[in-house]
Structure formats: structure tokens, C-alpha cells
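Contents: one structure, followed by commentary.
The values are calculated or read from the model by the stated rules, or taken from the named source; none is laboratory data. Computed from a predicted model, the values in this text were never measured in an experiment. Cβ: placed from backbone, ideal geometry, glycine included. Neighbour counts: every protein chain shown.
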Amino acid sequence: MSADPSGDVGYVLHSRRYRETSLIVEFLTLGRGRVAAVARGALRRNSVLAASLQPLIPLRLNLGGRGELMTLVRAEPLAVSPMLAGERLYCVFYVNELVMRLTATHDPNHELFEIYRDALAALTGEGGIEAVLRRFEKQLLDALGFGLQLDSEAGGDRALEEEGSYHYDVERGPLRVGPESTGIRVHGATLMALAADEALSPRALREAKQLMRHVLNHHLDGRPLTSRKLFEAQGGGKP
């Protein structure tokens with residue numbers, strides 16, 4: 001086994017028990033992308049690793065091995081963990097699950113790492129949750145090559161109209177609503193605001209939430225997200 005002497009920077013996405021005293025931890029790292037590593041002895045009493053392996057904080061990681069499942073040698077916190085609870089904490093679970101479900105392992109993506117870091121910073125701030133999530137979802141799709149067509153109608157020959165009503169087809173883009181249109185509907189103003197990364201009006205926030213759920217469900221092959229069930233169990237709305 002060879003360890004990386006220079007280390008990498010990463011965040012904890014998810015962890016699960018492994019054997020009696022260890023964890024398998026999924027990280028999003030700057031240099032390697034998403035990786036899984038065994039944190040041996042992390043569940044032992046007074047383990048230094050256990051205290052470090054928390055979501056939300058950047059870690060300096062030393063990882064060993066070259067296979068799909070690496071070994072965590074060291075994890076050093078680079079910041080103090082913020083205190084989050086309730087909806088904001090569940091939003092972190094949601095963001096983490098999207099990254100877990102939509103990315104491949106060992107596929108570095110610096111753009112993804114930056115938008116993930118920015119989303120965590122925004123969720124630990126005081127801004128509106130809905131706007132943060134919609135921005136992250138849109139940027140995530142862009143970073144993964146699934147970007148939405150937001151500047152023109154399907155086919156690209158006709159500009160969107162602010163008060164025009166559209167049906168969004170994931171494979172084709174915005175289609176002007178007609179007598180036989182089905183599915184969610186969204187106004188041109190909402191699509192244009194998303195494209196320009198502008199503040200979303202209350203109507204645009206509602207429509208963008210439906211749009212992103214529709215598109216993400218397509219890329220998730222319709223498989224439900226566990227984090228959405230957590231929101232429901234707590235009596236909140238789905239992200």
C-alpha cells in the first residue's frame with residue numbers, strides 16, 4: 001500500500017460501519033473526485049479519526065492504496081465544524097446524496113468541488129434555503145455535463161419569452177405549451193433567471209423546484225432519494 005505524502009483536501013459525504021471498529025467513508029476530494037476509504041479503528045473509544053470525520057468541514061486527507069476502496073491514513077480538520085440542525089442539516093444530507101448518486105468514483109472534477117464547497121458555505125449562512133438548493137442543483141448538472149437548455153426553445157431557433165409557458169423535456173429542452181402538453185410547466189422568466197444566476201421570485205422558486213425535481217429524477221432513473229424521506233419524516237417539504 002502506498003500513501004499520498006502530499007495529501008488531498010476533501011469533505012465527508014457519507015459513512016457506514018465496517019466490521020467491529022471501522023468505517024467506510026465516502027469523500028468528495030479535490031484531487032481524486034469521489035473516493036471511498038476504510039477508516040480503521042474509527043469507532044474505537046477516543047479515536048482521533050472519529051472526531052475528525054464529520055460533514056461540513058474541509059479535511060486534509062492522506063489516503064493509501066490504489067483500488068476502488070482506499071485506506072484512510074490521516075484526516076486533519078482545516079476548519080471548525082459549524083453547528084447545523086433541522087432543515088439546514090437535512091439540506092446538507094440532500095446535497096451529499098446527490099453528489100453520491102450522480103458522480104462516478106475516481107473522477108476529479110474541480111468545478112464540482114468548488115460548487116459543493118460554495119453550497120455548504122451558503123447553507124451554513126443565513127440566506128434562503130430554497131435559492132441555495134436551486135443554484136446548487138443547476139450548477140451540479142452543468143458540472144456533470146447534464147446542463148439545462150435555458151436560453152432558447154427546444155431546437156435553439158426561438159428565444160424564450162418571459163411570460164411564455166413551457167413544458168421542459170429533459171432530452172430536448174423547453175417546449176411551448178400546447179393543447180397536448182403534459183408534465184410540469186414553467187415560465188420563460190424562470191428559465192432565464194436560472195440561466196443568468198439571478199435572484200428568483202417566489203413564483204420562479206416554486207417552478208424551479210418542480211423543474212429541478214423533474215430533471216434530477218430523470219438522471220436518477222426515478223430512484224427515490226433517502227434524504228427526501230428524512231424531510232418528510234420531520235414534517236417538512238421535500239427539497
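Taking first residues from the stretch 110-135 that are farther than 16 Å from L89 by Cα and partners that are hydroxyl-bearing (S, T, Y) and loosely packed, with under 15 Cβ neighbours inside 10 Å, no Cβ contact under 7 Å between residues at least 6 apart in sequence or on separate chains turns up.
Only one of the listed residues (E130, E114, E137) is in a helix (DSSP H, G or I), at pLDDT 95 or above and either surrounded by 15 or more Cβ atoms within 10 Å (Cβ to Cβ) or in contact with a helix residue (DSSP H, G or I) (Cβ under 8 Å, 6 or more places away or on another chain) (or both). That residue is E137.
If you go through the stretch 219-229 one residue at a time, do you hit one that is in contact with a strand residue (DSSP E or B) (Cβ under 9 Å, 6 or more places away or on another chain) and on the phi < 0 side of the Ramachandran plot?
Initially, the stretch 219-229 is screened for residues in contact with a strand residue (DSSP E or B) (Cβ under 9 Å, 6 or more places away or on another chain), giving none.
Checking the stretch 219-229: not a single residue is in contact with a strand residue (DSSP E or B) (Cβ under 9 Å, 6 or more places away or on another chain) and on the phi < 0 side of the Ramachandran plot.
Note on the stretch 196-235: residues that are farther than 17 Å from D169 by Cβ and either crowded, with 17+ Cβ neighbours inside 10 Å or touching a Pro at 6+ places or on another chain (Cβ under 6 Å) (or both) total 9. Kindly indicate whether any position in the stretch 126-133 is of a type outside the set (K, R) and touching a Cys at 6+ places or on another chain (Cβ under 7 Å). Scanning the stretch 126-133, I find at least one residue that is of a type outside the set (K, R) and touching a Cys at 6+ places or on another chain (Cβ under 7 Å), so the answer is yes.
Assigned to a loop (DSSP other than H, G, I, E, B), of a type outside the set (D, E, K, R), modelled with pLDDT under 90 and buried (at least 16 other Cβ atoms within 10 Å of the Cβ): is that true of L84 in this structure? When the stated conditions are applied, L84 passes them. Here A121 meets each of (1) surrounded by 15 or more Cβ atoms within 10 Å (Cβ to Cβ); (2) among the small types (G, A, S); (3) at pLDDT 90 or above; (4) under 22 Å from the mean Cα position of the chain (by Cα) with one exception, condition (1). The set of residues in the stretch 168-216 being among the polar types (S, T, N, Q) and part of a loop (DSSP other than H, G, I, E, B) consists of S181, T182, S201.
Across the stretch 5-30, what is the total count of residues that are more than 18 Å from the chain's Cα centre (by Cα), buried (at least 16 other Cβ atoms within 10 Å of the Cβ) and either outside any strand (DSSP E or B) or modelled with pLDDT under 90 (or both)?
Quick first cut of the stretch 5-30, residues more than 18 Å from the chain's Cα centre (by Cα) only: 5-8, 16-24.
Those still in the list that are buried (at least 16 other Cβ atoms within 10 Å of the Cβ) too: 7-8, 18, 22-24.
Add one more test, that the residue is either outside any strand (DSSP E or B) or modelled with pLDDT under 90 (or both), and what stays is 7.
Within the stretch 5-30, residues that are more than 18 Å from the chain's Cα centre (by Cα), buried (at least 16 other Cβ atoms within 10 Å of the Cβ) and either outside any strand (DSSP E or B) or modelled with pLDDT under 90 (or both) number 1.
Evaluating I57 against the criteria (1) hydrophobic (A, V, I, L, M, F, W, C); (2) touching a Lys or Arg at 6+ places or on another chain (Cβ under 6 Å); (3) under 30 Å from K209 (Cβ atoms) leaves one unmet condition, (2).
Please state which one of H219, H187 is modelled with pLDDT of 95 or more and over 16 Å from F136 (Cβ atoms). Spell out the reasoning first.
Details: H219 fails: over 16 Å from F136 (Cβ atoms).
On inspection, the qualifying residue turns out to be H187.
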